[in-house]
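Every number here is computed from the coordinates shown, using simple stated rules; none is lab data. Everything quoted here is computed from the prediction, not taken from an experiment. Note that we place each Cβ from the backbone using ideal geometry, even for glycine, and neighbour counts take in every protein chain shown.
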Amino acid sequence: MQYAYDAAGNVLKQAILGTDGECLESSTRYDLKDRATHRTNPAGGVTRYLYDRNDRLRKEISPYGYEPENDDGAGAAYTYDSRGNRLRTTNALGEVVQELSYNLRNQPVIQKDTFGNRTELSYELDGKIKDVRRSGNHQRTLQQYEYNARGQITGVVDGNRNPISYDVDSWGRITGIGFVDGVKEGYEYTPAGQVSRTIDGNGNAVQYRYNSLGKVSERIDQLGDTETFRYDEEGNLSLHIDRDGRQLQRACNVFGQPVYEKATDAEGKHTNISTWHYDSLGRVTRAVCDGKSYEYIYDAYGNLKEKRSNGKRLVSYTHDRAGQITEIRDPTGVSTRYEYDILGRRSRIFNDDGLEVRYGYDALNRIRHIRYGNGVETACTYDGDGNIRTLETRAGENVLLSFAYRYDGNGNRTAKTGTQAALGGITAGNNALDLSYNYDVRGQLLEERRNGASVCYAYDKAGNRIRKTDAQGETRYLYNEKNQLTAEESPVDRKQFSYDRQGGIIEEKNAAGIRLFSYNSRHQQTRVETETGNVQENRYDAEGLRFELLENGRRTSFVYHNGELLQEEGREEQGTSYHLGAGMEAFRRGQELSYYHRDEQLSTALVTDGHRNVQNSYQYDAFGMSLGTTEKLNNRIRYTGQQYDDVTGQYYLRARYYNPVAGRFMQEDVYQGDGLNLYAYCGNNPVVYDDPSGYERKACPPQGKISESVDGSGSNTTATERRNSPGVVEGNGRNTSKMMYGTDKNAGVIPKEIADKLREKQYNNFDEFRNDFWKAVAETDYANEFLINGDPKNYYRMKNGGAPLVVSNQAINGSFTYQLHHIIPINQGGSVYSVDNLVVVTPRYHAEILIPEVHGYNGFKQFFR
């Protein structure tokens, strides 16, 4: 890294040099007051800053709005009161995004968005938030907080007025979480403050032991089975022996990046080796696993330009001056091109072969409409909490989908009414749907009523489904201490299940026969043989993704972009190319282009052809079980937009496979930060959440989106999860010269300098905050901590609001970027926007070291004490 300074000590140029002569240079210009006025990235994109006479930022112009001939352009504008509090934010289109009012202590008390929705906050005398209210036609309290005399949170009352209580020890550590239905979870700690024991609602415990460096050395499950972790001298994981005796050995380079990994079964008979190679800037240039070799090529600005396999091009990319993708080209040469509006939002995807999808947004960056090239259009409206109020898809005057929704005080969807087109064309008639949902105090789905027919669920204290009642009668489920489903008894069948000691299901016995499951030493499902003799085999690459599938010997290969399916070959004679936009928008098979149309859960509801005719139609129950599938075109993208495997009836969710009939995962979760039950799908609330990674649930869809971005960039609480509710940044941050800790920079705190940039800002949702957080990091010297061997790519990702990439050994199965996690989970009362409740972590650090069943709690606090 090289720097050039002016006479005042301001950094004028920053150059990142590789040992092979590569140089990535960025520059900054300053005014006479030493305020940064222009920042230019290596690709030449300029961000312009203008200030008022009190040195406050009044305008910020992105590379999309900057006009060099005028040295100005359209950008975000800010106004302030006499005390320096930001009053109004206006975007580059002139739309007022938010307005704020403050009390005499400069705390924001009223936030109003562009649509007049008001959020009001009240505070305790010590400045902690007391409650959050939504005012308007139906004024209500979204959240209330309770504290003890030491200022530690002891309880929260959610939007449905359900209380959650916390037991806190003298060190401020959470020792118990209690719900109003009597369920209670417990946590114990070592003298050093690390989580040593977790107890689920049924009283079953998992224990953890640590080495002298505070890293987990053993995990002992509920039945006493132990898995072991060992580390090298630098603290990198070097050996993992699972509960079945399978071993994973790893060697890292001096930068902590894995270069060699050997996976061996318990008998030592089957071995799988992975290797990684890096360039002088620390970027992966080659990765090999299971005979699949990838080569990575980068452009002059640090962006991934091409990905190859054994010399054959798989994916190629071009980027604009802001670093956003302008074209993706798959192995067959099929292209998807992208355009962006002045706010940097994707406005159009297209190619020269007829693909066309256009997006329109409201002032809060929520998708308002999608217009497809075949003339079909989807329109959305939202309520004051940001939940989807209506969704309608039309082909001219013909309605294909039309739904209206209602929600409870926690953002749980309680009703969905409307129609969905039948197969055969837009004139073939519509199917009327009238759905309602009821939940318990922990946010678990209790009842789904569809057109008058009811399906009811009951759960034990650990969140296992113990009963399902529908028109066919009652189905009962039995479990062991590990929360593993051992038997299922229905009016027509009895199933029995067996597991390996690592938690993967290996056998299912039913009236039709026996279904067998196999796994490799990385705990990836490799083979399923059904009771009818059908066989599915799966192979995985060095990125942890399934690159090949054999169904009764019929081979299908897959190519991905950021973990999303881009192209498949083998299932169809001509192969299938997928077009990714704000989600999976279309697919091309031969000369035929078809479009996807999604529902509120991001599930494929309809597929239309170039003439707007409905070719495929799908309906699902809340957990994704098919209630009606009619297809003219083969299609694997179904429930929540994920891959469905016909042979096994499972969904491939990257890290694990999901069974929609049982509403559970087939394997134990290795990412232990999403509750103590490692098999439950989305906390038994699939109406509000989904889990595309197989690691953790998230709001589905994110606020204001009816589809996901493909840029890769306990009980439910308020308004489509509290992270999707407006809030104001609070907290002081840490007085520290160092942000990231650990050999692999796998965990970090929020420094005061960054906290000062964000404090008292109002955000509509946590996604907006996260984008600003990384931009704030990029403006400080702490950004250098995220540069992997000097590679500037992470700097520009942060400048554009994206999370930086982690070193390879900290990535897990398609999750490659740093994450912000709450010390006290927000679904258990933790503050969403307090920087003191946030830590920066890598995906693998959660999975292997912190054991954050409760999102870290004092495991985090001890680490940074």
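When peptides 512-520, 561-569 are sorted by average Cβ neighbour count within 10 Å, with the highest value leading, the order is 561-569, 512-520. Shown here: Rg and Dmax of the Cα atoms in Å, derived from the displayed model; of the candidates [x] 29.9, 97; [y] 32.0, 103; [z] 26.3, 83, it corresponds to [z].
Comparing Gly575, Ile466, Ser165 along the charge dipole axis of the chain, the residue lying farthest to the positive side is Ser165, per the Cβ-charge model. In the calculated pair-distance distribution of segment 1-101, the portion above 24 angstrom amounts to 36 percent of the Cα-Cα pairs. Relative to the Cα centre, the charge distribution of segment 366-510, modelled as +1 at Lys and Arg Cβ and -1 at Asp and Glu Cβ, gives a dipole magnitude of about 240 debye.
Between segment 736-794 and segment 296-369, the alpha-carbon centres lie 26 Å apart.
Positive-end ranking of Val334, Leu355, Ile370 along the dipole of segment 313-380, with charges on Cβ about the Cα centre, is headed by Ile370. Using just its DSSP H runs of length 4 or more, each adding -39500 (n - 2.57), the chain gives a mean residue ellipticity at 222 nm of -1000 deg cm²/dmol after division by all residues. For the pair segment 545-616 / segment 380-403, the C-alpha centres are spaced 24 Å from each other.
The HN-Hα couplings worked out from phi for segment 678-684 by the Karplus form 6.51 cos²θ - 1.76 cosθ + 1.60 (θ = phi - 60°) are 8, 10, 5, 8, 6, x, 6 Hz, whole numbers, x standing for Gly and Pro.
Sequence-ordered 3J(HN,Hα) estimates for segment 363-371 from the Karplus curve with 6.51, -1.76 and 1.60 and θ = phi - 60° stand at 5, 9, 6, 8, 5, 9, 8, 10, 10 Hz, glycine and proline given as x.
Distance from the alpha carbon centroid of segment 118-137 to that of segment 79-115 works out to 16 angstrom. Label point of Ile514 set 7 angstrom out along Cα-Cβ; within segment 479-507, amide nitrogens under 18 Å from it belong to 486-488, 494-501, 504-507. Electrostatic bookkeeping for Asp609 treats Lys and Arg as +1 and Asp and Glu as -1; over the other residues with beta carbon under 10 Å from its beta carbon, the sum is +1.
Based on C-alpha pairs under 8 angstrom that are at least 6 apart in sequence, segment 1-101 has a relative contact order of 12 percent. The stretch between Arg286 and Glu233 holds 16.5 nm of extra length on full extension. This uses 0.36 nm per residue minus the Cα-Cα distance. Rounded to the nearest 0.05, the FRET efficiency derived from the C-beta distance between Ile220 and Ser347 at R0 = 60 Å is 0.65.
Each of Gly624, Phe665, Ser831 was placed along the dipole of the chain (beta-carbon charges, centred on the mean Cα), and the one lying farthest toward the positive end is Ser831.
Less than 5 angstrom separates the built amide H of Tyr689 from those of Cys700, all sequence-distant by 5 or more or on a different chain. What FRET efficiency would be calculated for the residue pair Ser737, Tyr51, taking the C-beta separation as r and a Förster radius of 22 Å, to the nearest 0.05? With R0 = 22 Å, the Cβ-Cβ based efficiency is 0.20. When the GluC sites (Glu not before Pro) in segment 42-116 are filtered for DSSP coil states and for at most 15 other beta-carbon atoms within 10 Å of their beta-carbon, the remaining sites are Glu69, Glu95. Taking 0.36 nm per residue of sequence separation and removing the Cα-Cα distance, the Arg88/Asn634 pair yields an extension gain of 191.5 nm.
Can you give the extra length, in nm with one decimal, that the chain gains between Ala471 and Leu104 once fully stretched, where that is 0.36 nm per residue apart less the Cα-Cα distance?
Additional length available on full extension: 126.1 nm.
Per-residue packing, averaged as other Cβ atoms within 10 Å, sorts the ranges 101-110, 456-465 into the order 456-465, 101-110, beginning with the highest.
So for the pair Glu69, Glu447, with labels modelled 7 Å out along Cα→Cβ, what separation do we get in nm? Those two pseudo-labels are separated by 6.7 nm. Evaluate the charge dipole of segment 411-492 about its Cα centre and quote only its size in Debye, nearest 20, assuming +1 on the Cβ of each Lys and Arg and -1 on the Cβ of each Asp and Glu. In total the dipole reaches around 200 debye. The H on the amide N of Asp290, modeled in the peptide plane, is under 5 Å from the matching H of Ile273, each at least 5 residues off or on a different chain. In order along segment 532-541, the phi-based Karplus estimate (6.51 cos²θ - 1.76 cosθ + 1.60, θ = phi - 60°) of 3J(HN,Hα) comes to 9, x, 6, 10, 10, 10, 10, 10, 10, 9 Hz; Gly and Pro are listed as x.
A simple charge model with +1 on the Cβ of Lys and Arg, -1 on the Cβ of Asp and Glu and nothing else charged puts the dipole of the chain at about 1100 debye relative to its Cα centre. The packing ranking, built from the mean of other Cβ atoms within 10 Å per residue, places the peptides 350-358, 310-318, 364-372 in the order 364-372, 350-358, 310-318, highest first.
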